[in-house]
Amino acid sequence: MKIQRVRERVVVRSGGDIATGTIFRLHQCGYRVLVLETSNPTAIRRTVSFSQAIFDGEMEIEDVVAVRCESLEDAQHIIEQNKIPVMVDSEGKCIPQYKPKLVVDGILAKKNLGTSKDMAPIVVGLGPGFYAGKDVHAVIETHRGHELGRVIYEGPALPNTGIPGVIGGRESERVNYSPADGKIIVYKDIESLVKEGEVIASVEGKPVVAQIDGMVRGMIQHGTTVFKGMKIADVDPRGEKVNCKTISDKARSIAGGVLEAFLHLDLKIK
């Protein structure tokens, strides 16, 4: 079934896995979504990140296709094809020309990298680094737990704990960080089954070792320049391929919060 894109224009800054949940949901609801990315995206859950279109030209997730574009004119043609345009514009320079009703900052940098309320009638930030009522109109809680997906209209999200959420009974040991500055060489990409102690990648000759048994659910793009301490991989102890190919419960919950905030604030504008 082809959906006619007649609803408002939306810009989502970032096409990482969490932002992809929001992009997917707004697209499915008929909004004209434009994704803005960096020239070298660093998402690790690449198989469920529309940002991968920057590398591959196209990216399909759950039957929805994103396509890299080079201009707003190209973006419009892609939207008319019921697809999602992804464009390199990390600073959001095209936003005034595109004139979206909603801007979502889904960069998840734990700080505000330049998003402000004057970018659109409704501006929403995901997670820590934003203050609802000051630099954005609403903040969506991204911390796993009872508050996940909650819309905050005054104040910030919970502070970053630095501790990954629990999946399959494991938390910190699920995630790997770069042992050095330099380019990553990937040995075990997404969907690879690995054992605790197995080398899954290396950076400047220093090994990156799986800390648990499981399936590689996230791995940064081979050849990416990384820095010491940067999150580069994620091993899922559940070991199920479907978890590598579908949008997560966390991303979907946050997406619901974004849609709620958009519709709620839009009623106030009208």
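The values are calculated or read from the model by the stated rules, or taken from the named source; none is laboratory data. Everything numeric here is computed off the predicted structure, so don't read it as measured data. Every residue, glycine as well, gets a Cβ built from its backbone with ideal geometry; the counts of neighbours run over all protein chains shown.
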| field | Criterion (touching a residue at least 60 places away in the same chain (Cβ under 8 Å), buried (at least 20 other Cβ atoms within 10 Å of the Cβ) and not assigned by TED's automatic domain parsing to the domain that holds LEU102) met by exactly one of ALA233, ALA261, ALA255 | value | ALA233
| Is the range 215-227 home to any residue that is more than 30 Å from HIS137 (Cβ to Cβ), more than 23 Å from the chain's Cα centre (by Cα) and surrounded by 19 or more Cβ atoms within 10 Å (Cβ to Cβ)? | no
| note | Screening ILE79, ILE61, ILE54 for residues that are β-branched (Val, Ile, Thr), in contact with a strand residue (DSSP E or B) (Cβ under 8 Å, 6 or more places away or on another chain) and under 23 Å from GLU8 (Cβ atoms) leaves only ILE79
| request: Filter the range 100-133 for residues that are touching a strand residue (DSSP E or B) at 6+ places or on another chain (Cβ under 9 Å) and of a type in the set (D, E, K, R) and give the result. | output: LYS101, ASP105, LYS117
